[in-house]
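These notes concern the structure reproduced below.
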Amino acid sequence: MVCIGSLVNRNGAINLREKVLAEKNSRGTELTKAILRHFDAIHFIEVKQDREIDRLFLEDELHGVNSDSSELGFEDGVITFSPSSAYKCERELYFKVKHVEASFVDRFPYQRRWARNGTAVHGAMQKDLLYAEKHLDKPRFTVVRTKDGNRPAWEKNIRRVKQFAHNGQRFQLYGMMDGVLQYQPDGSKIGLEFKTKSTTLGVIGEYKMKDAQADHKEQCVAYSLLFGLDEFLIVYESLAKDGWTKGAEAKPDMRAFYMKVSDEDRNRLLDKFADVAGMCYTNELPRAMVEKCFFCLYKPHCHQVSERAAA
């Protein structure tokens, strides 16, 4: 026999979950559409060179080159992790902490140019944001500024170190992010993570890309721990474009995904960092995750360690 109260509670839980998901999807749809329209809007119009913005952008780059990390608050002797490593294999994190020499044997010249092109577009995107907030009649987003110096809230302008004590382990998180935007309709602050894809337009199409990549979402969880943000937009731009003459029929070259980081997400990542930190302090080698070997810079060393252990 099933208790009526159990059915009521179960149905209530299901209804609540559906309501939360509906609200999340509604918010996500609103923000993803808004950021894509924002980027399109600045490229729909002819904007003359704005020397004030260009000067600010160059000064910002120079400031980043000359910035000093000595006053950020690093604690000596405390294990340090970065947001970009949040999704990586625990053994890779261990090797990095232990300063094992990285191997770049798999990097070919065309791959380096591939990475260079992505970096260049990343800078162009940030300049687009500055142009858009000034030259659009009703910009949907503006770039948050730092409290000291009124600089754009991105990259080295907002890099930060934060210490954590979790599951009996001490460690610190150090990093910076692509930007903090203010959504004009409600004033909320949204974290921006921008990525490029260089192969084909199909890579960011709805058929192949159902959601943001897991590693990029985990980066956002780390940024949430560092900067206290809950909402993020992960934007992808394909460096491959559709035919020049396609016009309005051209396939979209940008996709955007929304993520709201939960306490569960943050605790899960803290658990992982605490586990790795504990193994680093006790010199206990973590297990290897072969599904994450492809981009690992420590593969030769890892293979040597595994062969010695098997001998």
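Taking every protein chain into account, the accessible area of segment 222-311 amounts to 57 square angstrom per residue (probe 1.4 Å). Note on the chain: dipole from Cβ charges, positive end direction compared against Thr119, Phe81, Gly202; the farthest Cα belongs to Gly202. Neighbours of Thr119 by Cβ distance under 11 Å: Lys/Arg scored +1, Asp/Glu scored -1, total +3.
The distance linking segment 213-250 with segment 260-291 is 25 Å (Cα centroid to Cα centroid, whole angstrom). As a rough guide to protection, the peptides 179-186, 120-127 ranked by mean Cβ packing within 10 Å, highest first, stand as 179-186, 120-127. The value given for the chain is a Kirkwood hydrodynamic radius of 22.1 Å, derived from the mean inverse Cα-Cα separation.
Of the beta bridges DSSP finds with both residues in the chain, what % are antiparallel, to the nearest 5?
So the antiparallel bridges in the chain amount to around 70 percent.
Expressed as a whole percent, the accessible area of the chain that falls on carbon and sulfur atoms is 52 (1.4 Å probe). Grouping the Cα pair distances of segment 161-311 into 5 Å bins from zero gives a pair-distance distribution of 2, 7, 13, 14, 15, 15, 12, 9, 6, 3, 2, 1, 0 percent in increasing distance order.
May I ask which of Lys48/Lys251; Lys134/Lys189; Lys96/Lys195; Lys138/Lys208 have a Cα-Cα span longer than 25 Å here?
On the way: Lys48/Lys251 27 Å; Lys134/Lys189 18 Å; Lys96/Lys195 23 Å; Lys138/Lys208 33 Å.
Too far apart for the 25 Å limit: Lys48/Lys251; Lys138/Lys208.
When peptides 47-55, 224-232, 248-256, 165-173 are ranked by their average number of other Cβ atoms within 10 Å per residue, the highest-first order is 224-232, 165-173, 248-256, 47-55.
Each Cα pair under 8 Å and six or more residues apart adds its separation to the average, and for segment 53-200 the resulting relative contact order is 26 percent.
Multiplying the residue separation of Asn283 and Thr146 by 0.36 nm and removing their Cα-Cα distance gives an extension gain of 45.3 nm.
Find which of Met259, Val276, Phe227 sits farthest along the positive direction of the dipole of segment 213-284, computed with +1 on the beta-carbon of Lys and Arg, -1 on that of Asp and Glu, about the Cα centre. Of the candidates, Met259 comes out farthest on the positive side. The Cβ shell under 10 Å around Glu231 holds other residues with a net charge of +2, Lys and Arg each +1, Asp and Glu each -1. Applying both filters, DSSP loop and at most 12 other Cβ atoms within 10 Å, to the GluC sites (Glu not before Pro) of segment 57-121 gives Glu71, Glu75, Glu101.
Dividing the mean sequence gap of close Cα pairs (under 8 Å, 6+ apart) by how many residues segment 162-207 holds gives a relative contact order of 22 percent. If R0 is 51 Å, the Cβ-Cβ spacing of Arg266 and Thr245 corresponds to a FRET efficiency of close to 0.60. The overall shape of segment 266-311 is oblate: from the C-alpha gyration tensor, with semi-axes ordered a ≥ b ≥ c, the ratio a/c is 1.5 or greater and a/b is no larger than b/c. Annotation: the antiparallel percentage among DSSP beta bridges lying fully within segment 177-311 is about 65. Each peptide in 26-32, 150-156, 271-277 was scored by the mean count of other Cβ atoms within 10 Å over its residues; highest first, the order is 271-277, 150-156, 26-32.
With charges only on Cβ, +1 for K and R and -1 for D and E, what is the dipole size of segment 25-71 about its Cα centre, in debye, rounded to 20? All intermediate terms of the calculation are to be shown ahead of the outcome.
On the way: 6 positive and 11 negative charges, 89 e Å.
That gives segment 25-71 a dipole magnitude of about 420 debye.
The values are calculated or read from the model by the stated rules, or taken from the named source; none is laboratory data. Not measured: the values here are computed from a predicted model. For neighbour counting, all protein chains shown are included, and Cβ atoms are generated from backbone atoms with ideal geometry for every residue, glycine included. Please note that ligands, DNA and RNA were not included when accessible areas were found on the heavy atoms of the full protein model with its side chains. Shrake-Rupley method; radii C 1.70, N 1.55, O 1.52, S 1.80 Å.
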